[in-house]
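J.: Mind looking over this structure? Questions follow.
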Amino acid sequence: MRLATRIAIWAAVILPLLVLGTGALLLGLVTHDLRNDQDAKLRDRAQLELPYVRAYLNADHQGRTRVEENQHQKVLSAALDVGIRVDDASGHELLAEGRLPALAALPVPAGAALGPLTVHSDRQSWRVLARQVDGANPGTLWVAVPASTTDPQVNAVRGRIILVALLAAPLSGLLAFGLARRATRPLSRLGSRAAALDPTAGAADFGHQHSGITEVDELADALESALARYDDQAARTAQALETARSFSAAASHELRTPLMGLQTNLDVLSAHPHLSATDRAEIMADLRADHRRLLDLLTALRTLARGDLVEEEAFGPLDLAEPVAAAATELLRRRPELDLRVDFQALEGTGGLRVHGWEAGLRIACDNLLLNAAVHGHAPGGPTRIAVTLRREGAQAVLTVDDQGPGIPEAERAAVFDRFHRRPDSPGSGLGLTLVAQQVALHRGTVTVSTPPGGFGCRFEIRLPLLSNDAPTLPLPVRRDWIGETA
């Protein structure tokens, strides 16, 4: 059922009910007003009759028949459309004219007046008023009128209310249907536009124009938001599939060499079971090296894929000193012979360096940066010395890692972050610095390679924007493909 039809049916049902309810209240008020008017007439008649009744009672008491008849006639003339009854002091009826309830139905008056009140007699209702007649010859004046005298007016009002309710049902339904059709026309256009939407176009093809109707515009905004979320999810799904394909391609390409080396060494061991202990030990060392390289390569590829697929919800306020300190502690635990110095003195009393970051991602960057310095940061025959400094520069957090190794020629510095870039003598997978560059890019920072002030060694410097209440948090990069062929 269409919305306009539902509105029309509800209007056709509810409006007559409202008319009937209002009419019932109106009918009660009309009945009350008519009764008050009837009671006022009874009081006026009683007030008019009192002098004639008093004179009538005196004439009756004195036995003056002529005067009594004259007063009787005056009483009847003043009564007009009401019933009159006159009792003497002992309650005996002296005069009764017009329509009156039965004597047994009348209450016993107490005081100077009684009523008006309703009295039921012979299946009929009466409005009765009693007045005590004072003077030398007291008595009681009863004035009564049938309560049904107001029925014609009440019935007329009731009939009109019912007529209005019967007419309101179809008219309100038609009027509500027309108004509802007009009001829901923008909603129908919105539905038609949504039905004709190209699934491949997404939110960009929706193009809702402001209609001036709050509910329709809110629904259109909700649809656009849903489509935008669908587009984002579809893009993330496509990126995940592309990452999976890139992972498979990179793994198959990079694992070919160590796997062939493993196969060759295993074939040699199988074909020559009587090798000398020296040759066998050399082959076993090669096998262990190839195995370690396989593990390192798979771990690095998995970590790259994790960075490509990280969601924005994983990022939050974080003190950069925490992952740096954790990475330094872990490296010293694994390689206690290193000369590693960490300098956080510039941060004392500043409240730390808070960035909008992914804790696991920053830890990946710190681990790989320190491990790279530990592997390559020493001169031939000399000890490995690493200096880590964390400081604030304006609105940026600056992390520097200095070593005393052979350094990196200026022409090769940009290439060290490329995927699978390795020195000929490097034992790594060629992805460590790529992971650093990936995480720095995800955190909207920069990483550079230079020479420390001493003129020898290598310095890696990472700059990340500090968290600020005034500046908005930047979203993640739209395109992330560090595991693919291009980064």
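Nothing in this text is a laboratory measurement; each read-out follows from the coordinates by a stated rule. Note that this is a predicted model, so its numbers are computed, not measured. Every residue, glycine as well, gets a Cβ built from its backbone with ideal geometry; the counts of neighbours run over all protein chains shown.
J.: For segment 268-417, what log10 I(q)/I(0) values come out of the Debye formula at q = 0.10 1/Å, with one point per alpha carbon and no solvent?
T.: Log10 of I(q)/I(0), two decimals: -0.51.
J.: Still on this structure, I have one more. Below 8 Å, C-alpha to C-alpha, sequence gap of six or more: please give me the relative contact order for segment 277-368 in percent.
T.: 38
J.: Nearest 0.05, what FRET efficiency do E461 and L309 give at R0 = 25 Å with Cβ-Cβ as r?
T.: 0.35
J.: As a footprinting exposure proxy, order I9, I283, I364 by other Cβ within 10 Å, with the fewest listed first.
T.: I9, I283, I364
J.: Students often check this: by mean Cβ neighbours within 10 Å, which of 367-379, 223-235 ranks highest, and how do the rest follow?
T.: Answer by packing, highest mean first, reads 367-379, 223-235.
J.: Return the long-range amide H neighbours of V342 (sequence gap of 5 or more, or a different chain), with a cut-off of under 5 Å between placed amide H atoms.
T.: So V342 has HN proximity to V388.
J.: Please give the FRET efficiency for E359 paired with L20, using the beta carbon to beta carbon distance and R0 = 60 Å, rounded to the nearest 0.05.
T.: Computed FRET efficiency for E359 and L20: 0.30.
J.: Here is a follow-up. Roughly what would the spin-label model give for T149 and R302, points 7 Å off Cα along C-beta, in nm?
T.: For the pair T149/R302, the computed spacing is 10.4 nm.
J.: Can I ask one more? Output ³J(HN,Hα) for segment 117-133: one whole-Hz value per residue in order, computed from phi by the Karplus curve 6.51 cos²θ - 1.76 cosθ + 1.60 with θ = phi - 60°, and x for Gly and Pro.
T.: Result, rounded to whole Hz: 8, 8, 10, 9, 8, 6, 6, 9, 9, 10, 9, 10, 10, 10, 10, 7, 9.
J.: Shifting gears a bit: Suppose the chain between A411 and R99 were pulled fully straight at 0.36 nm per residue; how much longer would it get relative to their current alpha carbon spacing?
T.: Value of the extension gain: 99.5 nm.
J.: Here's something else I'd like to know. Among L18, L320, which comes first, second and so on when ranked by fewest other beta-carbon atoms within 10 Å?
T.: L18, L320
J.: Spin-label point model (7 Å from Cα, Cβ direction): what's the L259 to A183 distance in nm?
T.: Here the answer is 6.8 nm between the modelled labels.
J.: Under the 0.36 nm per residue contour assumption, what length would be gained going from the current alpha-carbon distance of Q47 and F420 to full extension?
T.: In short, 122.3 nm is gained.
J.: Here is a further query. For segment 393-408, in order, what is each residue's ³J(HN,Hα) by Karplus, 6.51 cos²θ - 1.76 cosθ + 1.60 with θ = phi - 60°, in whole Hz (x at glycine and Pro)?
T.: Couplings: 10, x, 9, 10, 9, 10, 10, 10, 10, 10, 10, 10, x, x, x, 10 Hz.
J.: Further question: Among I386, I161, rank each residue by its count of other Cβ atoms within 10 Å, from fewest to most, as a rough exposure measure.
T.: Starting with the residue having the fewest Cβ neighbours, the order is I161, I386.
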